[in-house]
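Everything below concerns the one structure shown next.
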Amino acid sequence: MSDNRQSLARQVLGLLDLTRLGEDDTPAQIEALCARAVGPQGQVAAVCVYPEHVTTARRALTGSGVKIASVVNFPDGGEDPGRVERETRRAIAAGADEIDMVLAWCALQRGEAAIARAGVDACRAACGPGIALKLILETGELATPELIRTAAELGLEAGVDFLKTSTGKVPVNATLDAAEILLDAIAARGGQCGFKAAGGVRTLDEASAYVALAERRLGADWVTAAHFRIGASALLDAITTELGG
């Protein structure tokens, strides 16, 4: 059983977007985060930081293979495509490999899908083909299966690279129910888009439930960093403890 737990811990470590999105983060804290991203047991898939810290993260992780992710339209999910484009271009210019963009989910709630789509299209265009776009749907705020499914379809039609549950900044973040809707939508389109659970995943058992769900829906071979991520910070502590670090 212990061997199975350690194998799971190593798997989840490689799927982790190690995240620090505090309003008062300092360069020293970002450097410390990056130091933890590459440890004796292995390295995470990416670190996720605010745009102003991308340069620090890039410098700290040069040559490591760890991706640098940053957030745009975050955390509010504003409705100005121009803002989305500007923030995306700045983050990429600073060295971001991946962009986690918050959908204008309030517009979707009002039935104004075109407004929500405009922001996604602006981000997709600014990213171009070489930068991964993870679309944050804020599923806890959308709340209903119908709206979550609508948001997922919007993202898939716009050609995003990942559907992501949450910002981690609202009362309800990642849930298995929402994950199931997103994974089903991804599977129905051939599994080309990835999935990211974010917000509230703190233990290895919680992470394991998302891995198992994805494996049931899309197969064990699909669950790699190219298609599956977990955005978290405390989860690394649980992984390190399990691996004896």
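The values are calculated or read from the model by the stated rules, or taken from the named source; none is laboratory data. Worth saying up front: this structure is predicted, and the values here are computed from it rather than measured. So basically every Cβ, Gly included, is an ideal-geometry build from the backbone, and we count neighbours across all protein chains shown.
Restricting Thr175, Thr150 to residues that are over 17 Å from the mean Cα position of the chain (by Cα), surrounded by fewer than 23 Cβ atoms within 10 Å (Cβ to Cβ) and of a type in the set (S, T, N, Q) narrows the list to Thr150.
Considering the conditions (1) under 20 Å from Asp17 (Cα atoms); (2) in contact with a Gly (Cβ under 9 Å, 6 or more places away or on another chain); (3) small (Gly, Ala, Ser), Ala104 is excluded by exactly one of them, (1).
Note on segment 15-40: residues that are more than 18 Å from the chain's Cα centre (by Cα) and either part of a loop (DSSP other than H, G, I, E, B) or modelled with pLDDT under 95 (or both) amount to 6.
Of everything in segment 107-127 that is surrounded by fewer than 19 Cβ atoms within 10 Å (Cβ to Cβ) and either acidic (Asp, Glu) or within 18 Å of the chain's Cα centre (by Cα) (or both), the residue that is nearest to Asp17 (Cα to Cα) is Asp121. Of all residues in segment 41-86, exactly one satisfies the criterion of being under 13 Å from Glu98 (Cα atoms), in a loop (DSSP other than H, G, I, E, B) and of a type in the set (Ser, Thr, Tyr), namely Tyr50.
Here's the yes/no breakdown for (1) under 20 Å from Leu213 (Cα atoms); (2) in contact with a strand residue (DSSP E or B) (Cβ under 9 Å, 6 or more places away or on another chain); (3) in a strand (DSSP E or B); (4) not polar (S, T, N, Q):
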| residue | (1), (2), (3), (4) |
| --- | --- |
| Asp100 | no, yes, yes, yes |
| Val120 | no, yes, no, yes |
| Arg124 | no, yes, no, yes |
| Leu133 | no, yes, yes, yes |
| Glu153 | yes, no, no, yes |
| Val172 | yes, no, no, yes |
| Ile181 | yes, no, no, yes |
| Ala185 | yes, yes, no, yes |
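If the condition is being in contact (Cβ under 8 Å) with a residue 24 or more places away in the chain, assigned to a helix (DSSP H, G or I) and loosely packed, with under 15 Cβ neighbours inside 10 Å, then segment 210-245 contributes only Ala234. Number of residues in segment 42-54 that are loosely packed, with under 15 Cβ neighbours inside 10 Å and either modelled with pLDDT under 95 or aromatic (Phe, Trp, Tyr) (or both): the value is 0. Of all the residues in segment 187-207, those that are touching a helix residue (DSSP H, G or I) at 6+ places or on another chain (Cβ under 6 Å) and in a helix (DSSP H, G or I) number 3. For segment 189-201, the criterion of being free of Cβ contacts under 8 Å to residues at least 40 places away in the same chain, surrounded by fewer than 20 Cβ atoms within 10 Å (Cβ to Cβ) and not small (Gly, Ala, Ser) is met by at least one residue.
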